[in-house]
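Structure record follows, encoded as structure tokens.
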Amino acid sequence: MSNDRIFLHIGLPKTATTFLQQNIFPIWPNMEYRRSLYFPGFVMIDPAKKYIISNEELHGNPFLSPVRHGSITTWLDERRLIIESLARLFPDARIMISFRKHCGFILSLYKELLHCGGNLSLEEYFDIASDTGYMKQSDFIYKNTIDIINANFEKPPFVFLFDEVKGSLGTLLNRFERLFNEKQPPFDSSKVAPSNVGVGYWQGRILRFLNSIDKYPGHYPNPKGILKLRTPVTMAYGLDPTTLCQRRLKRLSNRPLVFDPEIKEKIDAFYADDWRFIKGLAAEGE
């Protein structure tokens, strides 16, 4: 049984983190759950309590800027800095980190880029063949993150999989129970709100076009658009680009936004060893 008192869940994003944050972590008995990174509340820890702190921003932001500053030149550099800082703040904490198979994660992160104002095509975003896309092959090598965690924390990370959350939640809750050393709460799946569905192919095409003309300051890659489409009024009526394409136009077409089968096969082959490594860590348990 675990004797740890602070559990830091740092992502990955797009691995059912919102589901866990809304439905699982807050109801765990004898555990205080925190999601906010507001600094005083984040660091004021009662040594007599157990904490679950979950925020995928602790994994870094892949879309901050096409040109990083100072020593932060890649998403991995940013993640290393965050993990090193977490280790100084909470040296005895246990890191929790979730992963999903590379192709699905890369694609889901692309849809997130569209939601954040990006107008890149899927090929411009990620190119497995020539590695000339905005996101690089190295951005998705999971072992690099595990190595950083192991280099900064004495205890190994608790690794679990997106597929466990989606397909074998009961088994995962049993794993959490052993990790937290606290009996799991009753969970009623009927009370879970439906999650957002990602945009399809045609909705994605429309969203890219709207993003290309939207004046959306501070967001990559088009902060100098010609019209401001995300305003309090458009957002209130669900007419901003993201809401329009994700919800109002969701019945426009059922064609999914996916990699071509040949590209998917290349991605799976490129990351096969990395995925085997992660699955091995998840199978080791606590």
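The values are calculated or read from the model by the stated rules, or taken from the named source; none is laboratory data. Nothing here was measured: the structure is a model prediction, and the numbers come from that model. Counting neighbours? That spans all protein chains shown, and the Cβs are built from the backbone with ideal geometry, glycine included.
Some points to look at:
- Only a single item in (1) in a helix (DSSP H, G or I); (2) in contact (Cβ under 8 Å) with a residue 40 or more places away in the chain; (3) aliphatic (A, V, I, L, M) is not met by L172, and it is number (2).
- Within region 73-90, considering residues that are within 16 Å of I146 (Cα to Cα) and free of Cβ contacts under 8 Å to residues at least 60 places away in the same chain, the one surrounded by the most Cβ atoms within 10 Å (Cβ to Cβ): E78
- All positions within region 20-38 that are in contact with a Lys or Arg (Cβ under 9 Å, 6 or more places away or on another chain), surrounded by fewer than 17 Cβ atoms within 10 Å (Cβ to Cβ) and in contact (Cβ under 8 Å) with a residue 60 or more places away in the chain: P29, N30
- The set of residues in region 231-251 being in contact (Cβ under 8 Å) with a residue 24 or more places away in the chain and assigned to a loop (DSSP other than H, G, I, E, B) consists of L249, K250.
- Once region 186-230 is narrowed to residues that are assigned to a loop (DSSP other than H, G, I, E, B), charged (D, E, K, R) and exposed (fewer than 11 other Cβ atoms within 10 Å of the Cβ), the residue that is modelled with the lowest pLDDT is K224.
- Lone unmet requirement of (1) in contact with a strand residue (DSSP E or B) (Cβ under 9 Å, 6 or more places away or on another chain); (2) closer than 30 Å to P157 by Cα; (3) not charged (D, E, K, R) for P241: (2)
- Here W75 clears all of (1) under 25 Å from G118 (Cβ atoms); (2) modelled with pLDDT of 95 or more; (3) aromatic (F, W, Y) except the condition numbered (2).
- If the condition is being surrounded by 14 or more Cβ atoms within 10 Å (Cβ to Cβ), in contact with a helix residue (DSSP H, G or I) (Cβ under 6 Å, 6 or more places away or on another chain) and assigned to a loop (DSSP other than H, G, I, E, B), then region 252-285 contributes L252, L257, Y271.
- Per the listing A129, A87, A93, the residue uniquely over 15 Å from the mean Cα position of the chain (by Cα) and over 28 Å from I6 (Cα atoms) is A129.
- Out of G117, G104, G41, G60, one residue alone is touching a helix residue (DSSP H, G or I) at 6+ places or on another chain (Cβ under 6 Å) and either surrounded by fewer than 18 Cβ atoms within 10 Å (Cβ to Cβ) or farther than 29 Å from I6 by Cα (or both). It is G117.
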